[in-house]
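The values are calculated or read from the model by the stated rules, or taken from the named source; none is laboratory data. On a predicted model such as this, the values are computed, not experimentally measured, just so you know. Neighbour counts are summed over all protein chains in view; Cβ atoms, including those assigned to glycine, are modelled from backbone coordinates with ideal geometry.
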Amino acid sequence: MRCITLDSETDFDGWRDAVRPLLAARIPCEALGWRVGNTATDLFSTMGDSDLFKVTDHPQYPVRITKTQVAMCKRVLCHRSPERLYHLYATLLRLQTDPYALDDPLFTSGLWVREADKNIRRDVHKMHAFVRFKKVGERLVGNMMRENFCAWFEPDHRIVEHTADFFARRFTGMDWSILTPDGCTHWDGKNITVSPGVDKSMAPDADDTEEAWKAYYASIFNPSRVKIGAMMAEMPKKYWKNLPEAELIPQLIQQSEAMSRQFMSTPETAPNIRTEKVAPEVYAQTTAPINISTLAEAEDAARRCTQCNLHCNATQTVFGQGPMSAKLMLVGEQPGDQEDIAGAPFVGPAGQLLDRALNEAGLDRGGLYVTNAVKHFKFEPRGKMRLHRNPVADEIERCRSWLTLERQFVKPKVILAMGKTALLSLTGHKGTLKSVRGGSFEGEFGETIIPTVHPSFLLRLPDPAARDREYAQFIRDISRAEKLTKEAA
Ligand code: URA
């Protein structure tokens, strides 16, 4: 019998170092016991500290474990059940001789580990969605004031360290701490640090952001689409105590019928006279995407789109291009003069610059899905030239349904949003690009959205030094997107 002692419940390095030689010697699970600090955790055996056998006395075999399985072990180690250590080891041991062990419906430990992994992923997803920061102070860094936020959260499992990277990417620009009973994580704009868990009495008090959350929630609440079952599944009651907006839910549900009746009985408002003047007949014939079940159908429908006026003067719809298997999607603004003629995105000067940057970042454009937020070229005739004009918010919004379909069918893990228009369409972010550069957003389909500049911006920079600097930063953003894609795939 041999007892393995881990420094903490989530001591992954200690666990990995202990498990490797045991797997190499094919030591059976029953010969092992597990302890964390001074606590025996293994339900299946109890023993003292003694080493009754030496691993090195056994024959040694190569250890087989894939990167995906390592990542899974790291997650499952966060599970709160003491059984995890037994089942993890039993699963890895079986995987040494049977690479398909995790698919065996009769292999109890494999099933346990898969279920635990699913629970951890769900717990992480809920934590991403339900952490609510409250402002607790500010500090001066150089000549910049950094705001300091704190959140209290009670995850089902010991996942706080696991989620720190996500929050550091999402809230790069502020200092934050996330407190949980098992551990706390902190971000100061440069580093993530970890400290022991704390009691709920340390949770921050209410602040103004609570009112903002409530106002936001009330504004997106649709009284005619209340589905209590689906809502409770998405936002289980156990999270309500830490969600400021949750106190509105009973009241909003209660009022929903009356609110719907009021909507129905309110007379239609008159159309906006300025819109009517621009193109009444065009907006009247809409081809919003309905009943579309493949990307090819989406492209076909987009070719006939008349949802805004841009189709009137453009040569054709320029839909996205790239393999359905692409895990990284690039989104630009709208086709330019050459794209409008060729019917393909990014083939003109901005496309050439993009190709060069992708090459330098070591990426092959053939493996990426490249598209635009707006699918028609918007321009102003000037002599023989067609001068690019920025699409307005309404045009971006009307075209968003096509981009949404591209996202739904291609299912990229990461999207590089090139420029303000792409970012607005993908995330609704209306602020400056600068304020979010270096961070990321979580897309509505779970993708990570990385903001960066548009290649045309680089082409327009008059100062060569600034252009070089910005170009280098653009390549760094591409590389970061590619790294995150690999991690997520
Ligand atoms: N600019 C874009 O945003 N998209 C293109 O396809 C070409 C230029």
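Some points to look at:
- Hey, Glu245 farther than 16 Å from Phe130 by Cα, surrounded by 11 or more Cβ atoms within 10 Å (Cβ to Cβ) and either at pLDDT below 85 or under 27 Å from the mean Cα position of the chain (by Cα) (or both) or not: no
- Residue in the stretch 155-164 that is charged (D, E, K, R), buried (at least 16 other Cβ atoms within 10 Å of the Cβ), under 23 Å from Val414 (Cβ atoms) and out of contact with any Leu (no Cβ under 9 Å at 6 or more places or on another chain) present: yes
- Exclusive hit being under 21 Å from Met127 (Cβ atoms) and at pLDDT 85 or above, set Trp213, Trp187: Trp187
- The number of residues in the stretch 291-322 that are at positive phi and within 9 Å of the ligand (Cβ to nearest atom) comes to 0.
Okay, residues lined up against (1) touching a Pro at 6+ places or on another chain (Cβ under 9 Å); (2) modelled with pLDDT under 95; (3) not in a helix (DSSP H, G or I):
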residue: Gln60; (1), (2), (3): yes, yes, yes
residue: Val70; (1), (2), (3): no, no, no
residue: Arg75; (1), (2), (3): no, no, no
residue: His87; (1), (2), (3): no, no, no
residue: Thr91; (1), (2), (3): no, no, no
residue: Gly110; (1), (2), (3): no, no, no
residue: His125; (1), (2), (3): no, yes, no
residue: Arg139; (1), (2), (3): no, yes, yes
residue: Phe149; (1), (2), (3): yes, yes, yes
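- Residues satisfying the stated conditions in the stretch 93-130, i.e. of a type outside the set (Lys, Arg), touching a helix residue (DSSP H, G or I) at 6+ places or on another chain (Cβ under 7 Å) and within 25 Å of Val160 (Cβ to Cβ): Trp112, Val113, Ala116, Asp117, Ile120, Val124, Met127, His128, Phe130
- Meets criteria (at pLDDT 90 or above, surrounded by 14 or more Cβ atoms within 10 Å (Cβ to Cβ) and among the basic types (Lys, Arg)) for Arg2: no
- Of all residues in the stretch 178-199, none satisfies being assigned to a helix (DSSP H, G or I), out of contact with any Lys or Arg (no Cβ under 9 Å at 6 or more places or on another chain) and within 30 Å of Pro250 (Cα to Cα).
- Of everything listed in (1) modelled with pLDDT of 95 or more; (2) under 15 Å from Asn372 (Cα atoms); (3) away from the ligand (no atom under 13 Å from the Cβ), the single unmet condition for Arg398 is (1).
- Every residue from the stretch 352-377 that is away from the ligand (no atom under 11 Å from the Cβ), part of a loop (DSSP other than H, G, I, E, B) and in contact with a Lys or Arg (Cβ under 9 Å, 6 or more places away or on another chain): Ala361, Leu368
- In the stretch 341-351, the residues that are out of contact with any strand residue (DSSP E or B) (no Cβ under 8 Å at 6 or more places or on another chain) and either surrounded by 22 or more Cβ atoms within 10 Å (Cβ to Cβ) or part of a helix (DSSP H, G or I) (or both): Ile341, Ala342, Pro349, Gly351
- Residue selection: Lys486 satisfies the criterion of being over 22 Å from Pro345 (Cβ atoms), surrounded by fewer than 18 Cβ atoms within 10 Å (Cβ to Cβ), within 18 Å of the chain's Cα centre (by Cα) and free of Cβ contacts under 8 Å to residues at least 24 places away in the same chain.
- Any pair with Cβ under 7 angstrom, 6 or more apart, that starts in the stretch 336-347 at a residue that is farther than 16 Å from Asn390 by Cβ and ends at one that is near the ligand (Cβ under 8 Å from one of its atoms) and among the charged types (D, E, K, R): Pro345/Glu339; Phe346/Glu339; Val347/Glu339
- Of all residues in the stretch 1-29, exactly one satisfies the criterion of being in contact with a Pro (Cβ under 9 Å, 6 or more places away or on another chain) and under 13 Å from Tyr86 (Cα atoms), namely Ile27.
- Selected residue (criterion: nearest to Glu9 (Cα to Cα)) from residues of the stretch 197-213 that are surrounded by 12 or more Cβ atoms within 10 Å (Cβ to Cβ) and among the hydrophobic types (A, V, I, L, M, F, W, C): Val198
- Qualifying residue in the stretch 323-340 (condition: more than 16 Å from the ligand (Cβ to nearest atom), exposed (fewer than 14 other Cβ atoms within 10 Å of the Cβ) and modelled with pLDDT under 95): no
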